Every structure is written in C-alpha cells, then in structure tokens.
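One structure is given below, encoded as structure tokens.
The values are calculated or read from the model by the stated rules, or taken from the named source; none is laboratory data. On a predicted model such as this, the values are computed, not experimentally measured, just so you know. So basically every Cβ, Gly included, is an ideal-geometry build from the backbone, and we count neighbours across all protein chains shown. Just the protein is used for accessible areas: all its heavy atoms, side chains included, with ligands, DNA and RNA removed. Shrake-Rupley method; radii C 1.70, N 1.55, O 1.52, S 1.80 Å.
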Amino acid sequence: MIRQNISSSLESMQELHLKYGWIPGAESIRPDAEIREKKENYIKNMLTRYASLQDFVLHKFFGLKPVVEGNWTNSKLHVPIAEITAARTAEIKDSNRHPFRLVPNLFSYRVPAGTNHYVIWFLLNGDETIDPITKSPLTNDEITLSIEEALQQLLGPTKDQFSFVWYLNPKPTIVSDVLYHVQVFWISG
C-alpha cells in the first residue's frame, strides 16, 4: 500500500505510473481541452448563482448557509464571515486538525481505469503559516492523515485496503485564507 504525497511534476508522475500502473502518468495527469472547457462552462454558470467559487465550495461541500446578496434581478449566494467563523469554531474544538471534505473531482482527469480522482478541501483558520517552499498552509502529515480518515469513512471500517497519492495543486482554482485543497488519486483493494 502506498499512502503519501507525491510531486506533481510530469516526469515524477510518469515514473510512478510505470511502477504502479494506477497512478496517473504524464498523459493523464492534466485536464485535456474537453475537461478544461467543461470546467470553464461550469464555473461561468456557477458564478451566475454564487458570489464566488469559495462560496460554492463552502455551501455545497461544507454545508454552510449562504445569504442572498443583491437585488431581485442580480442576486447571488454568499457565505458570510460569521457563518465561516462559526463553522471553524465548531469543528476545530472537536479535533486538533482542520475540518475537511473529500469529494469526487467534478472535472476528473482521464486517469487509469480503477483510479478515483478526488479533491480534499480544508477549511482554514485564516492564521496558518504558509510554508515558503511548498506554499501550503498545512503540513503533509495533516493532509495525509485527513485523506486516510476520509477514505476509511467513505469505504467503511472493514475496508482498510486502499492506496492513495496526493499532490499540491500547481494551478489551484481557489486561492484564499478560508479554503485549501489538494488533488487525490486512490484505488481500493
């Protein structure tokens, strides 16, 4: 079993693909033109309803309550800072880690058969120290442990046979002091 962070470089991913088979390689790790167009259209449509992509993620994946901003002809959903603060406080007091949600990637790359492409989102405190090398507000250990826990929840307590790799997103769609995410690829068995 492999459960770890990997480099997002094409060369490194190709080496891992050749060694393991299920890890995406140079030909399958980046979104192709069709996926990019699908993503652009989805985001454009979503931004007609949400004030930002952050608001969408906070509402859909973390279940935070949005409010309607604007007037009747130009209204959008927005998650207020008070709602974000309440969620941070409630979840962090139950755990010493950041709240997280593991979700299927809405714009999955063309990964090898049997490989699942997910994204793990983290709700940040807003006062994290950013690692100067990785540019990540979270440690690799916290990210790896969170993915492991999320997959155990997803697959059930008797299904501990899975492998995963993750990498820091080289081109994140959302950059903020509220949310952080990484790409996750996993297989069961």
Q) Between VAL175 and GLU27, what is the spin-label point distance in nm, taking each point 7 Å from the Cα along the Cα→C-beta axis? A) 3.3
Q: Excluding residues fewer than 8 places away in the same chain, name every one of the lysines whose C-alpha is closer than 26 Å to that of LYS65.
A: LYS39, LYS44, LYS76, LYS93
Q | Heavy-atom accessible surface of the chain: percent carbon and sulfur, 1.4 Å | A | 53
Q | Per residue, in Å², the accessible surface of the chain once ligands and nucleic acids are set aside, probe 1.4 Å | A | 56
Q.
At 1.4 Å probe size, put LYS159, LYS44 in order of accessible surface, largest to smallest.
A. LYS44, LYS159
Q) Sorted by accessible area (1.4 Å probe), largest first, how do VAL175, VAL184, VAL67 line up? A) VAL175, VAL67, VAL184
(Q) My understanding is that a pair violates if its Cα-Cα distance is over 25 Å; which of LYS19/LYS60; LYS60/LYS159; LYS38/LYS171 do that in this structure? (A) LYS19/LYS60; LYS60/LYS159
Q | Fraction of beta bridges assigned by DSSP in the chain that are antiparallel (%, nearest 5) | A | 85
Q) Cα axis of helix 33-46 to longest principal axis of the chain: angle in degrees, 0 to 90, nearest 10? A) 20
**Q.** Segment THR73-LEU155, length gained on full extension (0.36 nm per residue, minus Cα span)
**A.** 25.1 nm
Q | Nearest 10 degrees, 0 to 90: helix 140-155 Cα axis against the chain principal axis | A | 90
Q. Please state the relative contact order of the chain as a whole percent: Cα pairs under 8 Å, 6+ residues apart?
A. 26
Q.
Averaging over every viewing direction, what projected area does the convex hull of the Cα atoms of segment 69-175 cover, in nm²?
A. 10.0
Q. Counting Lys and Arg as +1 and Asp and Glu as -1, each charge on the Cβ, what is the dipole of the chain about the Cα centre in debye, to the nearest 20?
A. 520
Q) Against the longest principal axis of the chain, how steep is helix 81-93, in degrees 0 to 90 to the nearest 10, with axes from Cα atoms? A) 50
